[in-house]
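Peer 1: Here it is, the structure, as structure tokens.
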Amino acid sequence: MTSSGSPFASLGPDLYVEDPDVVAAHAGDASGSGGAPSGLLRPRTTADVAAALALAHEHRVPVVPRGAGSGLSGGAQAPAGSVVLSTARMDRVLDLDPVERLAVVQPGVVTADLRAAARAAGLFYPPDPGSVAFSTIGGNVATNAGGMCCLKYGVTGDFVLGLEVVLADGTVARPGRRTAKGVAGYDLTRLLVGSEGTLGVITEITVRLLPAPAPARTVVAAFASLEAAGAAVHALLAAPLSMLEVMDRTTLRAVDSLTGMGLGDPAAMLLLQADDADAAATVAAAGRTCTEHGATDVAVAEDDAESDALLEARRQALPALERLGSWLLDDVCVPRSRIVELIRRIEEIAAREGITIGVFGHAGDGNMHPTLVHDGSPDGLAACHRAFEAITAAALDLGGTITGEHGVGRLKRDWLRRELDPGTQAMSRAVKGALDPRGILNPGCVLGVEG
Ligand SMILES: Cc1cc2nc3c(=O)[nH]c(=O)nc-3n(C[C@H](O)[C@H](O)[C@H](O)COP(=O)(O)OP(=O)(O)OC[C@H]3O[C@@H](n4cnc5c(N)ncnc54)[C@H](O)[C@@H]3O)c2cc1C
């Protein structure tokens with residue numbers, strides 16, 4: 001159903017719909033529902049996106065780009081009066097070149113599908129956010145998503161060679177390259193990575209691929225104290241690991257109750273993985289390091305199935321904590337030497353506010369996901385908000401950042417002003433003003449309304 005009153009009606013009913021149920025289903029993200037957008041754009045091609053943005057620009061209609069809506073910072077929460085632009089139908093792998101070791105994909109390709117396509121060609125696309133099974137590459141690039149193997153491989157942006165992007169007025173630009181190296185001009189590819197839909201709509205992505213690694217080997221180590229786990233993390237940073245994850249007791253209890261895995265009741269658990277040529281020896285040595293630093297139990301996965309089961313326990317951390325009540329997820333990153341301090345401060349905040357906070361995350365990167373659970377009452381919600389503020393402040397105080405991988409979105413735009421110095425804020429506003437002079441691209445996201 002389309003309204004003849006909308007400028008987008010001229011695109012036809014295949015590309016633009018106003019069915020309230022369909023539109024409402026695309027209004028929010030995993031962190032909450034959005035407002036009441038007036039329509040949904042469903043482009044199939046770059047030309048469709050360009051035509052839609054030209055109309056949006058002419059009529060000054062805000063546009064909220066959307067991948068799978070799995071974001072956790074409110075980036076795809078569409079405000080009233082905006083239209084949502086979904087990339088769901090732009091879901092093709094356009095090229096996979098084993099010689100150049102790259103793939104060219106449309107933004108709506110699900111991350112796991114790109115990884116599978118690369119694997120089928122004997123290659124490897126490393127980025128693996130916890131949402132790998134449903135998030136899109138476009139969303140991953142727009143948030144510069146991380147994941148569990150960042151310790152060794154880095155984040156999504158480290159694999160982006162070039163982009164095709166439709167700018168606010170419908171102009172199509174292709175920053176970047178297909179070559180292994182290249183330094184021509186400003187690095188606008190990097191500027192667009194992590195721009196959360198505020199500088200352009202990404203319509204094509206060229207990613208770098210790696211040769212497939214050796215089969216991964218996995219170890220879990222349980223600790224009776226957080227301090228012991230923290231000391232082990234320090235010692236393990238020198239090891240050639242591809243993954244170093246942590247879950248605290250609250251998270252472990254929640255995962256155990258969801259999966260019945262029998263994880264015991266340690267204060268913390270580390271999950272380690274190596275995928276180098278000598279992975280078995282690497283994880284065996286890492287296991288010994290854990291024991292030397294007080295691990296009460298160290299278990300090496302015997303085979304791929306056991307390894308996958310251990311990884312699944314970590315992937316279930318958020319779903320498990322979500323079952324405990326209403327929740328709010330934070331995402332902060334501190335220097336790795338300050339992780340234990342951060343977790344201790346979070347425990348104090350939880351006790352002060354009388355709420356449950358489970359902490360899990362990427363210990364190898366210092367990137368933690370405190371998950372705040374409350375009873376759904378107004379008081380519980382208020383306590384969670386106070387705790388969320390206190391945790392984010394603690395991260396800055398410890399020399400960290402307000403977001404390690406989920407992005408600023410709408411949840412943390414006020415915090416961005418506290419993290420960025422005035423010069424960097426001015427640069428950010430200048431970039432936004434130059435690329436989106438009418439402020440139609442995801443307004444209110446990242447920089448806030450006046451951005
Ligand atoms: C269970 C779970 C686990 C998760 N684990 C991780 C994790 O380990 N690491 C991590 O980093 N994140 C994680 N996330 C968060 C989320 O999955 C990522 O932020 C992901 O990159 C979002 O992708 P998406 O396709 O769902 O994007 P969306 O949520 O639809 O959008 C995210 C942002 O990108 C913009 N955007 C989307 N597509 C485009 C495009 N084509 N052009 C321009 N802008 C665009 C949107 O406007 C929005 O600002 C997790 C989420 C869940 C629910």
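Peer 1: Please go through region 112-166 and pick out each residue that is of a type outside the set (Gly, Ala, Ser), within 29 Å of ALA184 (Cβ to Cβ) and within 12 Å of the chain's Cα centre (by Cα). Break it down into steps so the answer makes sense when it comes.
Peer 2: Keep residues of region 112-166 that are of a type outside the set (Gly, Ala, Ser), which gives 113-115, 119, 123-129, 132, 134, 136-137, 140-141, 143-144, 148-153, 155-156, 158-161, 163-166.
Those left that are additionally within 29 Å of ALA184 (Cβ to Cβ): 114, 123-127, 136-137, 140-141, 143-144, 150, 153, 155-156, 158-161, 163-166.
Residues satisfying the conditions are PRO127, THR136, ILE137, ASN140, VAL141, THR143, ASN144, CYS150, VAL155, THR156.
Peer 1: A further question follows. Which numbered condition trips up ARG178, out of (1) over 21 Å from ARG115 (Cβ atoms); (2) in a loop (DSSP other than H, G, I, E, B); (3) open to solvent by 70 Å² or more (accessible area, probe 1.4 Å)?
Peer 2: Unmet for ARG178, out of (1) over 21 Å from ARG115 (Cβ atoms); (2) in a loop (DSSP other than H, G, I, E, B); (3) open to solvent by 70 Å² or more (accessible area, probe 1.4 Å): (1).
Peer 1: Sort out which residues of region 225-244 are closer than 21 Å to THR356 by Cβ and surrounded by 24 or more Cβ atoms within 10 Å (Cβ to Cβ), and write them in order of number.
Peer 2: Filtering region 225-244 down to residues closer than 21 Å to THR356 by Cβ leaves 225-226, 229.
Residue satisfying the conditions is ALA229 alone.
Peer 1: VAL17 fails exactly one of the following numbered conditions: (1) touching a residue at least 40 places away in the same chain (Cβ under 8 Å); (2) open to solvent by 10 Å² or more (accessible area, probe 1.4 Å). What is the number of that condition?
Peer 2: (1)
Peer 1: Here's a follow-up. Output the residues belonging to region 80-133 that are modelled with pLDDT of 95 or more, within 15 Å of the ligand (Cβ to nearest atom), open to solvent by 30 Å² or more (accessible area, probe 1.4 Å) and not hydrophobic (A, V, I, L, M, F, W, C).
Peer 2: Residues satisfying the conditions are ARG89, ASP91, ARG92, ASP113, ARG115.
Peer 1: Is one or more of the residues making up region 182-201 more than 19 Å from the chain's Cα centre (by Cα), surrounded by 15 or more Cβ atoms within 10 Å (Cβ to Cβ) and within 22 Å of ARG429 (Cα to Cα)?
Peer 2: yes
Peer 1: Now a separate question. Just need a number here: residues in region 31-53 that are in contact with a helix residue (DSSP H, G or I) (Cβ under 9 Å, 6 or more places away or on another chain) and open to solvent by 30 Å² or more (accessible area, probe 1.4 Å).
Peer 2: The qualifying residues number 6.
Peer 1: Identify, from the list ALA222, ALA216, the residue that is over 22 Å from THR45 (Cα atoms), of a type in the set (A, V, I, L, M), touching a residue at least 24 places away in the same chain (Cβ under 8 Å) and open to solvent by less than 20 Å² (accessible area, probe 1.4 Å).
Peer 2: Exactly one of ALA222, ALA216 is over 22 Å from THR45 (Cα atoms), of a type in the set (A, V, I, L, M), touching a residue at least 24 places away in the same chain (Cβ under 8 Å) and open to solvent by less than 20 Å² (accessible area, probe 1.4 Å), namely ALA222.
Peer 1: I need every pair where a residue in region 135-157 that is on the phi > 0 side of the Ramachandran plot has its Cβ under 6 Å from the Cβ of a residue that is within 6 Å of the ligand (Cβ to nearest atom), sequence separation at least 6 or different chains.
Peer 2: Partner pairs satisfying both residue conditions: GLY147/PRO129.
Peer 1: Still on this model: Looking at (1) farther than 17 Å from HIS362 by Cα; (2) more than 23 Å from the chain's Cα centre (by Cα); (3) not β-branched (Val, Ile, Thr), find the lone condition where GLU341 falls short.
Peer 2: In the conditions (1) farther than 17 Å from HIS362 by Cα; (2) more than 23 Å from the chain's Cα centre (by Cα); (3) not β-branched (Val, Ile, Thr), GLU341 misses (1) alone.
Peer 1: I'm checking my understanding of the structure. Among residues of region 258-290 that are touching a Ser or Thr at 6+ places or on another chain (Cβ under 9 Å) and over 21 Å from ALA216 (Cα atoms), which one is surrounded by the most Cβ atoms within 10 Å (Cβ to Cβ)?
Peer 2: ALA268
Peer 1: Could I ask something else about it? When region 98-113 is examined, which residues are found to be in a helix (DSSP H, G or I) and touching a Gly at 6+ places or on another chain (Cβ under 9 Å)?
Peer 2: THR111
Peer 1: Continuing with this model, one more query. Taking region 390-408 as the search range and keeping residues that are in a helix (DSSP H, G or I) and open to solvent by 20 Å² or more (accessible area, probe 1.4 Å), which one is farthest from VAL334 (Cα to Cα)?
Peer 2: Applying the first criterion (in a helix (DSSP H, G or I)) to region 390-408 yields 390-397.
Now restrict to residues that are open to solvent by 20 Å² or more (accessible area, probe 1.4 Å): 390, 393, 396-397.
On the way: ALA390: 14, ALA393: 11, LEU396: 8, ASP397: 9 Å.
For region 390-408, the residue satisfying everything is ALA390.
Peer 1: Turning to a different aspect of this structure: Those residues that are within 15 Å of the ligand (Cβ to nearest atom) and either without any contact (Cβ under 8 Å) to a residue 24 or more places away in the chain or not in a loop (DSSP other than H, G, I, E, B) (or both), I need them from region 191-213; list them, please.
Peer 2: LEU191, LEU192, VAL201, ILE202, THR203, GLU204, ILE205, THR206, VAL207
Peer 1: A follow-up question, please. Out of everything in region 6-33 that is part of a loop (DSSP other than H, G, I, E, B) and closer than 13 Å to VAL63 by Cα, what residue ends up being farthest from the ligand (Cβ to nearest atom)?
Peer 2: ALA27
Peer 1: Oh, and also: Give ALA309, ALA285 a once-over and let me know the one that is more than 22 Å from SER225 (Cα to Cα) and not polar (S, T, N, Q).
Peer 2: Exactly one residue qualifies, and that residue is ALA309.
Peer 1: Does region 54-69 contain at least one residue that is in a helix (DSSP H, G or I), open to solvent by less than 40 Å² (accessible area, probe 1.4 Å), free of Cβ contacts under 8 Å to residues at least 24 places away in the same chain and within 16 Å of the ligand (Cβ to nearest atom)? Quick ask: steps written out before the conclusion?
Peer 2: From region 54-69, those in a helix (DSSP H, G or I) are 54-59; that's our starting set.
If we keep only those that are open to solvent by less than 40 Å² (accessible area, probe 1.4 Å) too, we end up with 55-57.
If we keep only those that are free of Cβ contacts under 8 Å to residues at least 24 places away in the same chain as well, we get none.
For region 54-69, residues in a helix (DSSP H, G or I), open to solvent by less than 40 Å² (accessible area, probe 1.4 Å), free of Cβ contacts under 8 Å to residues at least 24 places away in the same chain and within 16 Å of the ligand (Cβ to nearest atom): absent.
Peer 1: Among the residues of region 307-365 satisfying the criterion of being of a type in the set (Asp, Glu) and within 16 Å of the ligand (Cβ to nearest atom), which is farthest from ALA387 (Cα to Cα)?
Peer 2: Applying the filter and picking the extreme gives GLU312.
Peer 1: Looking at this structure, is THR296 touching a residue at least 24 places away in the same chain (Cβ under 8 Å) and surrounded by fewer than 23 Cβ atoms within 10 Å (Cβ to Cβ)?
Peer 2: yes
The values are calculated or read from the model by the stated rules, or taken from the named source; none is laboratory data. Please read all numbers here as calculations on a predicted model, not as lab measurements. Every residue, glycine among them, receives a Cβ derived from its backbone with ideal geometry; neighbour counts consider all protein chains shown. SASA here: full protein model, heavy atoms, side chains in, ligands and nucleic acids out. Shrake-Rupley method; radii C 1.70, N 1.55, O 1.52, S 1.80 Å.
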